[in-house]
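Here the structure comes first, spelled out in structure tokens, and everything after it is commentary.
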Amino acid sequence: MKGRLVLAMAAVGSLAVAGCSSSSSSSAAGGGSASATGASTKSCTASIGFEGPITGPVAVLGTEQLHFAQLAVATDNAANKTKISIVQGDTQLQPAQATTVTQQFISNSSILAVVGPAGSQEVIAIGSPMARANMAFITGSATAVALTTGKYPTFFRVVSKDSVQGPQDANYIVNTLKPKAIMIVDDQEAYSTGLVSAMTPIFQKAGIKVDHESVSQKLTDFSSLVAKVTPETSVVVLPWQVAANAQQFGRNLAQQHKKAVIFGTDGLFSPGTFTINGSYVSSFGPDITAIAADSAIAQAAKAKYGAFGTFGPPVFAATHVIDEAIASVCKAGQTPSRANVLAAIKNTNEATSILGQPISFDSHGDLNGGKFFLFKIDSTGKYQLIPSS
């Protein structure tokens, strides 16, 4: 499938969000791999929704996600001879706004599935309405464990979950950074509090003194919080979603001459925004520029949209799953609907993907075999991948 993506990229050209070109193959409705040929999908027309923070405090990440969704649709339309279009919905990373967008999408009968939303708190807000509408939605960045406990039967994710990330990050801190005391600060959202709950017991079991603090995402001056960082506190863990806040926290640390190292989770992966030298950031997605088979996609994305990080490629993967599900339904001679597209998504079985790993889902919508990646920020602000042991 990776080779097919590279060939399709060559055919896309202008990367418009519509097109017809070569044929393709991927996973789909029957549970195995199905060939979505041009002959059977040439009249295959459908719309999918995109939910992401296109504006607001993390617009840089939401825009990256939108661009990769558009890139995936263009690529897949060219390969499958489908006519899939995207309807954009700006959630601003706010549950209330995500709910409004979702209601609009559910009311639009032409929308068969949704890519997104970005945040775990947004998934919680829209999970039940999406289930009632029998509409699949696939996130490329929501990682809270609670999302895949069976409450949201039409939800899927192409990234791993915080029950993997939390222990992985906490054990790295314990075994490699070896702090005597840490501060861990939640931002009062489901994503953040879930990670704190996953990490804190590991720190406590290791005998590390833990100062658990809590602040609002709307706070922009962390001077009083930084004042609580003691001389023995060598690591501050920030499982936050707003990278600009972590950058300001780092500035406040420097202003008060505090030497603690910041360790951020995937919500802080934002090159160009969070650049505090010596900090660590984990990520649900790899750096696809380091994956040789992704070179054509990476080059096309950079040429059309500029620099990108790890938030866009998983959304490409999520969009591709939906595109292939729609194409497979058309190939089977059926008219795509929310029900048959959902069924095809459940049977996804991609041998590989833009993320450098297979994509299939367990019965609750979790990615089988998901993992996280760890980076360290150097003095130039560049994110350097730390090889896994």
To the nearest 0.05, the calculated FRET efficiency linking K205 and T99 through their beta-carbon distance, R0 being 56 Å, is 0.90
Quick calc: nm separation of the 7 Å Cα→Cβ label points for K178 and S363 -> 4.5
If N is the residue count of segment 232-350, its Cα Rg over 2.2 N^0.38 Å rounds to 1.48
Expected vector for segment 84-94, Karplus 3J(HN,Hα) from phi with 6.51, -1.76, 1.60 and θ = phi - 60°, integer Hz, x for Gly and Pro, equals 9, 10, 10, 9, 7, x, 8, 9, 6, 6, 10
Once both label points are put 7 Å beyond Cα along the C-beta direction, the N171-T380 separation in nm becomes 3.3
In degrees, nearest 10, the alpha-carbon axis of helix 162-172 is tilted away from the dominant principal axis of the alpha carbons of the chain by 40
Looking only at aspartates and glutamates whose Cα falls under 13 Å of K209's and that sit 8 or more positions away or on another chain, we get E232
Applied in sequence order to segment 205-222, the curve 6.51 cos²θ - 1.76 cosθ + 1.60 (Karplus, θ = phi - 60°) yields integer Hz couplings, x standing for Gly and Pro, of 4, 7, x, 8, 6, 10, 9, 9, 10, 9, 9, 7, 4, 7, 5, 10, 10, 10
Residue separation between E213 and T55 times 0.36 nm, minus their alpha-carbon distance, gives in nm 54.1 nm
In nm, the gap between the two label points placed 7 Å beyond Cα toward Cβ at T335 and N108 is 2.0
In degrees rounded to 10, the 0-90 angle between helix 243-255 Cα long axis and the longest Cα principal axis of the chain is 20
Given 37 °C, 0.692 mPa s and a Kirkwood radius over Cα pairs, the Stokes-Einstein diffusion coefficient of the chain in µm²/s is 156
In a Gaussian network model of the chain with springs linking alpha carbons closer than 10 Å, the residue among Y280, Y305, Y191 that fluctuates most is Y305
Relative contact order in percent for the chain (Cα pairs under 8 Å, 6+ apart) equals 22
Cα-Cα longer than 19 Å, checked against K151/K346; K304/K382; K180/K259; K83/K302, kept in input order, equals K304/K382; K83/K302
For segment 298-389 the trypsin sites (Lys or Arg not before Pro) that pass both the DSSP coil test and the at-most-13 other-Cβ-within-10 Å test are K382
Expressed in angstrom and rounded, the centroid-to-centroid distance over alpha carbons for segment 101-165 and segment 333-389 is 15
To the nearest 10 degrees, the tilt of helix 59-80 (Cα long axis) against the first principal axis of the alpha carbons of the chain is 30
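FYI, it's all coordinate maths here, none of it is from the lab. Values in this document were obtained by computation on a predicted structure and should not be read as measured data. All Cβ positions, even for glycine, are placed from backbone atoms using ideal geometry, and neighbour counts span all protein chains on display.
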